[in-house]
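Structure record follows, encoded as structure tokens.
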Amino acid sequence: MRASFVFSEVVTGLRRNVTMTIAMILTTAISLGMFGGGLLLVRTIDKMQASYLDDVEVTVYLTQDISANDQNCTAEPCSTIRSSLENNQAVESVVFEDRDEAYERFQRIFEGQPELVELARPESLPASLHVKLFDPERSDVIVQEFGDQPGVANVDDQNKFLDRFFDLLNSGRDGTFIVAAIAALAAVLLIANTIQVSAYTRRTEVGIMRLVGATRWYTQLPFLLEAVVAGVIGAALGVVGLVGVKYIALDRIFEATGGAIPNIEIVDILFPVAPVLLGVSILISAVTGYVTLRAYVRT
Amino acid sequence: MIQLESVSKAYKTSTRPALDDVTVDVDKGEFVFLIGPSGSGKSTFLRLLLREEVPSKGRVSVSNFDVAKMPRRRVPRLRQTIGCVFQDFRLLNNKTVSENVAFALEVIGKPKHTITKVVPEVLELVGLDGKADRMPHELSGGEQQRVAMARAFVNRPLVLLADEPTGNLDPDTSQDIMLLLERINRTGTTVLMATHDHSIVDSMRRRVVELDNGKVIRDDRRGVYGVGR
């Protein structure tokens, strides 16, 4: 196979059909950019889940009675609750927090709102047991077992709140993937159309090639490569777009959340997102090209 | 070299077969005219040899290829042993004369040094040396047909199929093209030419196979176009 011949055919083909080529590249870039954005969101969600889950606890709030009278959790029923928590297989550690400590923490948290701090009294805050689990996802067990025990006012599971938060992020990710899929469909149709137009404008060449005994590879590889080259350029543009969006928008938005959402690093985009986009692009354009040639172009 | 044994070809869109039980045997190095009115089956005959069509019945062979039965991936090999010339020349208008000829070798993967050696040789053979860098539209009809013949012959095919090669040319130019076909035939290439041109067939006195309504109605060793026509 003469590489120079095939290469020059590809370049000629892409130039002859330049508006279509640009449309093909842009839709591919948008589709892949969205897909890459979705992948980055998945990564961000994973990172957040890992870092948040580390700190997630289940808090067992004790009744007013215990909070007022049992300063160290040494009397019944607090001591029983505490020891059965400590003996629970799922529990990593248990820390008792009495009213005063709760009040101090309250003051710390609401430093910025002195009027709120002034309103609160230590007596209005319950004592609690802060339970850290080996596997924070299994917090249900603790809620079920201790929720109705005498001496327990209620059990607060931070994991439940996080679930809602992550549900929101996950639906954002799903939305991104759906838009990416729609754009991908448009890209695929454009690739198919471009190849048909390209094959039609070069029907004389292809006719002669077939007549003089060129193999299928020779007659069809240029068309296939045209699609793949456009796909690769599209993928590269998609990656550049992602980097651009990171610097122009995302960095500022994430900074404004005060670090609640971890920054997307340039490394995250370059690996593994960029190679994935490139691979997906080559695969889709090659398969589309192959199927189109099979269906529409005589050999 | 070329054998058709009881070959029939029917198209779905037509009630009458394009070829009807045709048996023809052409030896290596022969020069054969294929004549008959439009729609008599000449083009189908040529298309079967190139495996552009598959016969409905019968056996077609060219050189050592069992044309009807061979797998599709072998078809390029068959076509590399056959050269083709047409009434409408079928040149690439954006390529020069030598590029047009070189194209036929490039697309079957011949190495560059072979192409640069062979193309000028074949252009000289067809009398176009000195016009290698012209574009097709700068040439006369006869010259364009010579380019097409150079392209058909450059890979030294065993068989040359010519479908009305003089159909668009004046009598003098046609004569030149026939001389060229004879010259190619003398190199040992089997030539099969479909034509309507009485005077050429009559003057050449070569084998004539006449088709009518898809049947062979005449096969003369040294024929003329038609008695009394």
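The values are calculated or read from the model by the stated rules, or taken from the named source; none is laboratory data. The model shown is predicted, which means the values in this text are computed figures rather than measured ones. Note: ideal-geometry Cβ built from the backbone for every residue, glycine included; neighbour counts use all protein chains shown. When the accessible area is computed, the model is the full protein with side chains, heavy atoms only, and any ligands, DNA or RNA have been set aside. Shrake-Rupley method; radii C 1.70, N 1.55, O 1.52, S 1.80 Å.
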(request) Determine how large the accessible area of A:I233 is when every protein chain is in place; take a 1.4 Å probe and give Å² rounded to the nearest 10. (result) 80
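For segment A:117-237, give the magnitude of the charge dipole about the Cα centre (Cβ charges: +1 Lys/Arg, -1 Asp/Glu; no others), in debye to the nearest 20.
On the way: 10 positive and 14 negative charges, 263 e Å.
Approximately 1260 debye in magnitude.
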(request) Using the Karplus curve 6.51 cos²θ - 1.76 cosθ + 1.60 with θ = phi - 60°, work out ³J(HN,Hα) for each residue of segment B:8-18 in order, rounded to whole Hz, and write x for Gly and Pro. (result) 10, 9, 10, 9, 4, 7, 10, 7, 9, x, 6
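About its Cα centre, how strong a charge dipole does segment A:64-150 have in debye, to the nearest 20, once Lys and Arg get +1 and Asp and Glu get -1 at the Cβ? Display every interim value, and only then the final one.
Values: 7 positive and 19 negative charges, 18 e Å.
The dipole of segment A:64-150 has a size of about 80 debye.
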(message) For chain B, what does the accessible surface come to per residue with a 1.4 Å probe? Please give it in Å².
(response) 45
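Note the per residue figure in Å³ for the convex hull of the C-alpha positions in chain B.
On the way: hull volume 29.1 nm³, N = 229.
Per residue, the Cα convex hull of chain B comes to 127 Å³.
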(message) Charges on Cβ only, +1 for Lys and Arg, -1 for Asp and Glu, centred on the Cα centroid of chain B; of B:I115, B:H198, B:Y11, which one is farthest towards the dipole's positive end?
(response) B:Y11
(request) Just read off the accessible area of A:C73 with the full protein assembly in place, 1.4 Å probe, to the nearest 10 Å². (result) 10
(request) Kindly express, to the nearest 10 degrees and within the range 0 to 90, the angle between helix A:216-245's C-alpha long axis and the longest C-alpha principal axis of chain A. (result) 30
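Could you order A:T19, B:T44, A:T12 by accessible surface area, starting with the largest, using a probe radius of 1.4 Å?
Working: A:T19 110, B:T44 15, A:T12 60 Å².
Ranked from most to least accessible, the order is A:T19, A:T12, B:T44.
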(message) Using helices alone, I'd like the mean residue ellipticity at 222 nm for chain A: each DSSP H run of four-plus residues gives -39500 (n - 2.57), total over residue count, nearest 500.
(response) -23000 deg cm²/dmol
(message) Computing the accessible area with a 1.4 Å probe over protein heavy atoms, can you report the carbon and sulfur percentage for chain B?
(response) 46
(message) Which one, A:I191, B:T81, B:A104, is farthest towards the positive end of the dipole of the protein assembly as shown when Lys and Arg carry +1 and Asp and Glu -1 on their Cβ?
(response) B:T81
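Rank these by accessible area, largest first, 1.4 Å probe: B:K131, A:K47, B:K69. List each step's numbers first, then the result.
Details: B:K131 55, A:K47 80, B:K69 155 Å².
Ranked list, largest accessible area first: B:K69, A:K47, B:K131.
Provide the FRET efficiency to the nearest 0.05 for the A:S171-A:S83 pair, computing r from the beta carbons and using R0 = 30 Å. Show your work: numbers first, answer last.
Values: r = 42 Å, r/R0 = 1.40.
The pair A:S171/A:S83 has a calculated efficiency of 0.10.
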(request) Go ahead and run the numbers for FRET between A:T19 and B:R218, Cβ-Cβ distance against an R0 of 60 Å, rounding to 0.05. (result) 0.60
(message) List the Cys residues of the protein assembly as shown that have no partner Cys with a C-beta closer than 4.7 Å.
(response) B:C84
(request) With +1 on each Lys and Arg Cβ and -1 on each Asp and Glu Cβ, and nothing else charged, work out how big the dipole of segment A:16-79 is about its Cα centre, in Debye to the nearest 20. (result) 980
(request) Please grab the % of Cα pairs in the protein assembly as shown that end up more than 32 Å from each other. (result) 63
(message) Going by Cα centres, segment B:78-116 and segment B:176-203 are how many Å apart?
(response) 21
(request) Find the centroid of the Cα atoms in segment A:32-101 and in segment A:147-207, then give the distance between the two in whole Å. (result) 33
(request) Could you tell me which of A:G213, A:S128, A:G279 has its Cα farthest along the dipole of chain A towards the positive end, charges placed at Cβ (Lys, Arg +1; Asp, Glu -1), taken about the Cα centre? (result) A:G213
(message) Can you sort A:Y61, A:Y290 by solvent-accessible area, 1.4 Å probe, largest first?
(response) A:Y290, A:Y61
(request) Rounded to whole Hz and in sequence order, give me ³J(HN,Hα) for segment A:12-29 from the Karplus expression 6.51 cos²θ - 1.76 cosθ + 1.60, θ = phi - 60°, writing x for Gly and Pro. (result) 4, x, 5, 6, 4, 10, 5, 5, 5, 4, 5, 4, 4, 5, 5, 5, 4, 4
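How much area per residue is accessible in segment A:64-150 when the probe is 1.4 Å and only protein heavy atoms are counted (Å²)? If you can, show how the numbers build up before the last one.
Details: 5360 Å² over 87 residues.
Ligands and nucleic acids excluded, the result is 62 Å² per residue.
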(message) What figure, in Å² to the nearest 10, do you get for the accessible area of A:L169 with a 1.4 Å probe and non-protein molecules left out?
(response) 30
(request) Per residue of B:78-84, count partner chain C-beta atoms within 10 Å of its C-beta, then hand back the mean as an integer. (result) 3
(request) May I ask you to compute the full-extension gain from A:F161 to A:S8, defined as 0.36 nm times their residue separation minus their alpha-carbon distance, rounded to one decimal in nm? (result) 49.1 nm
